[in-house]
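Take a look at the structure below.
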Amino acid sequence: MRVGFGVLGPVTAWDEAERPLALRGPRHRAVLARLIVARRRVVPVELLIEDLWQGAAPPGATSAVRTFVAALRRALEPDRPPRAPAALLTTQGPGYALRAAPDTVDAWLFEQRFRQASALSPAQALPRLQQALEPWRGPAYADFADAPWARTERARLAELRLHALERLARARLDLGQAAQAVPDLDAHVAEHPWREDAWRLLALALYRTGRQGEALAVLRRSRALLVEQLGVDPGPALSRLEQDILHQAEHLIPEPAPEHTGDQLWTRAAAAYQRTVTPGARVRLESTVGLLREMAVTGPEGLRTARSQRLAAVTAAEELGDPRLTARVIGAYDVPANWTRVDDPDQSARVVAAAERTLAALPGPGHEAARARLLATVALESRGSRRDRGSRAATEAERLARDLGDPTLLAFALNARYMQTFHRTGLAPERDALGAELLTLADRHDLVTFQILGHLVRLQSRAASADWPGADHHAQAAQALARHHERPLAEVFTTWYRALRTAADPRVPFATSEAAYRGAADRLHGAGMPGLEQGLYPLALLCLCLHHDRPAPTDPGTDHGPHEPWARPHVLLAQGRRAEAAAALAATPEPPRDLLLETRWALTARAALALDDRPAMHRALAALTPAAGEIAGAQTGMLILGPVDDHLRDLNRALHA
């Protein structure tokens, strides 16, 4: 059982379902808190006694501590067999240690996220700082405010929290969100009136929202507090800001409010880089790709804009003639991908070509991380291809990432591996294992977008195996993460999964399932993912009809897009054009190696059975046999075409009749 610990407020602990654990009395919580303060180091029993009773230990204190520890162990590891050694609260020599993982204690996670944010751009730092501050429920170690052993740690965490709040305000100001910064800063200075930087940020935020008089009043109020109560003058930063406001210094003029579309955001960001980065500077290219990567997960407009600008950044990097720079620009776009058909085949081909040229141009040893990113890019952008270059690139990228021990790089490489596991049917267990590793890795290192991806991969694989409770769990987890971290594109997949779940329930009428797919199609429209959107809704309705033993829809003007070769025989059969259907089936190509591989072979099987095409039956039987036990279409997390076993049974009967 994975246990979490909270000290940013009253001391508490919870299980992996976030249910609070019974920690019994205050002495038990004090022992736990004291061990957390020690940060995985051993605390001798004598020191525990001294800290718990503050020099007034009663007789039998040692036995009491052992009793507290035993009770804590039962609460933290309820499934531990009798006499088995504890794995979490361990006995080490003369004392005890809590071997909690770094990401299971809210205070440690807060510090980790705060440190990470300090190295990020404002756009990247803002959500990370919000995540860092989210676990705070009150003063750290709130139930031990008077304990000497907690005093230093409480003060240290409180100071870090104040720095994080001010860093968050600076990020908002840098991003043109002055109005959002004002209320929090106002409360901040009221609670901590001696923090000069907080006063400065509040005044600047007020000025940038057009409240010049209030900004000056804030600065004068801070001066009065400092002079009258501390006997010191304001520091140079506050004095300089006051003079700048009085003279309406040009550099204080606020940026226009952020726009809501990706193209407008790109224009503003590009203009900001143009002003602040020396023309021709290489850092601009790398910074731009970082911005594109962030935009790609923010929503449809951001995704479209990122896609439209990505190739330009790669081309510009190549023109500078530095393969290491080009490798960084190409590899920095590690946007998680879940659908196996690319949105822009021409762009993907050009990115792959640039990545291959850069791989060939990189100097010898010493650039393994760059090579791994380039190889993962080749694998991701080659998805769905029948050539084996993508598979080889993914395998090599994964090997390099594991050797380097870089979790973000490994997550990127695992994503690439996933995209190359469609060379035959029946590989849902392999993909599920990849999704599980990706999810564990992303959870451990707080890689939010890869956490969401891991849940979506497992959703698809569990659906393929008809493990509906498992798939439901991953759908709910992906949706919760997406909403919390504002990743709206993930909800396209969870919405389609809900339509699949509706259709998979034999008690649900056809019309209800059809309506669910119609709603899912509305959600997909305009999502900025043409590789997914094109022809998917007509394909879903075709599969639904065949699943219910209905003829294919024959609405005129229906565009099946890339799925046309596999849909056409069924449409022609529904129209009574049997000869044309037979010709269309004979012309059906080998399906691409992607998420729809089993779906297309199942469609081929149904058409072959209807037309008594024995060669097509043999091909479909050979292709679908490895997928025995799965649900045709469900690997997509969107479609359903019945159990593969039913298709295999019907094919075998027809071929041996």
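The values are calculated or read from the model by the stated rules, or taken from the named source; none is laboratory data. These figures come from a predicted structure and were not determined experimentally. Cβ coordinates were reconstructed from backbone atoms using ideal geometry, including for glycine residues, and neighbour counts include every protein chain displayed. The accessibility values were calculated without ligands, DNA or RNA, using every heavy atom of the protein model including side chains. Shrake-Rupley method; radii C 1.70, N 1.55, O 1.52, S 1.80 Å.
Can you pull the semi-axes for the stretch 500-615, root of five times each eigenvalue of the Cα gyration tensor, sorted largest first, whole Å?
23, 17, 13
Provide E153, E564 ordered by accessible surface of protein heavy atoms (probe 1.4 Å), highest first.
Sorted by accessible area, descending: E564, E153.
Within the P(r) computed for the stretch 280-429, what percentage of the Cα pairs occupies the region above 19 Å?
Beyond 19 Å sits 50 percent of the P(r) for the stretch 280-429.
So with the 1.4 Å probe, I'd like the accessible area per residue for the chain, rounded to whole Å².
On a per-residue basis, the chain sits at 44 Å².
Considering only protein heavy atoms and a 1.4 Å probe, what is the carbon-and-sulfur percentage of the accessible area of the stretch 1-118?
Roughly 53 percent, rounded to a whole number.
Would you mind working out the magnitude of the charge dipole of the chain relative to its Cα centre, with +1 at each Lys and Arg C-beta and -1 at each Asp and Glu C-beta, to the nearest 20 Debye?
In debye, rounded to 20, the chain gives about 1080.
Could you tell me how far the Cα centroid of the stretch 10-60 sits from the Cα centroid of the stretch 196-234, in Å?
43 Å
Leaving ligands, DNA and RNA out of it, report the carbon-plus-sulfur percent of the accessible area of the stretch 316-404 at a 1.4 Å probe.
49 percent
Relative to the longest principal axis of the chain, what angle (0 to 90°, nearest 10) does the C-alpha long axis of helix 106-118 take?
The helix 106-118 is inclined about 80 degrees to the chain.
Placing +1 at every Lys and Arg Cβ and -1 at every Asp and Glu Cβ, with all other atoms neutral, what dipole size does the stretch 392-514 have around its Cα centre, in debye to the nearest 20?
The calculated dipole for the stretch 392-514 is roughly 220 debye.
Taking one equal scatterer on every alpha-carbon of the stretch 75-211, how large is log10 of I(q)/I(0) by Debye at q = 0.09, 0.10, 0.17, 0.22 1/Å?
Ignoring solvent entirely, the Cα scatterers give -0.39, -0.46, -0.98, -1.35.
Write down the Kirkwood hydrodynamic radius of the stretch 194-237, to one decimal in angstroms, obtained as one divided by the mean of 1/r over all alpha carbon pairs.
10.5 Å
Could you check how much of the accessible area of the stretch 562-646 is carbon and sulfur, as a whole percent, using a 1.4 Å probe?
Looking at the stretch 562-646 in its full context, I get 55 percent from C and S.
Given the alpha-carbon gyration tensor of the stretch 132-188, what are the semi-axes of its equivalent ellipsoid in whole angstrom, ordered largest first, with each equal to the square root of 5 times an eigenvalue?
28, 10, 8
How large is the accessible surface of S391 in square angstrom, using a 1.4 angstrom probe and rounding to the nearest 10?
Answer for S391: close to 50 Å² accessible.
Starting from the residue with the highest accessible area, list F493, F110 in decreasing order, probe 1.4 Å.
Result, largest first: F493, F110.
Treating each Cα of the stretch 2-77 as an identical point scatterer and ignoring solvent, apply the Debye formula and state log10 I(q)/I(0) at q = 0.12, 0.16, 0.25 Å⁻¹.
-0.33, -0.58, -1.28
For a Förster distance of 45 Å, can you work out the FRET efficiency between the beta-carbons of M1 and A217, rounded to the nearest 0.05?
My answer for the efficiency is 0.25.
Scaled to the compact-protein estimate 2.2 N^0.38 Å, what is the alpha-carbon radius of gyration of the chain, rounded to two decimal places?
1.15
Mind pulling the angle between the C-alpha long axis of helix 26-37 and the longest principal axis of the chain? Nearest 10 degrees, somewhere in 0 to 90.
With rounding to tens, the tilt is 80 degrees.
Check G95: other-chain or 5+ apart residues with amide H under 5 Å from its amide H, H built from backbone geometry?
Amide H to amide H, under 5 Å and 5 or more residues apart or across chains, G95 pairs with V45.
Once the convex hull of the C-alpha atoms of the stretch 397-482 is built, how many Å³ does it hold per residue, rounded to a whole number?
Expressed per residue, the convex hull around the Cα atoms of the stretch 397-482 is 76 Å³.
For the stretch 389-400, what does the Karplus curve 6.51 cos²θ - 1.76 cosθ + 1.60, with θ = phi - 60°, yield as ³J(HN,Hα) per residue in whole Hz, taken in order and with x for Gly and Pro?
Coupling constants for the stretch 389-400: 4, x, 5, 5, 5, 5, 4, 5, 4, 5, 4, 5 Hz.
Please list, by residue number, every one of the trypsin sites (Lys or Arg not before Pro) in the stretch 436-521 that is coil in DSSP and has at most 12 other beta-carbon atoms within 10 Å.
The qualifying sites are R507.
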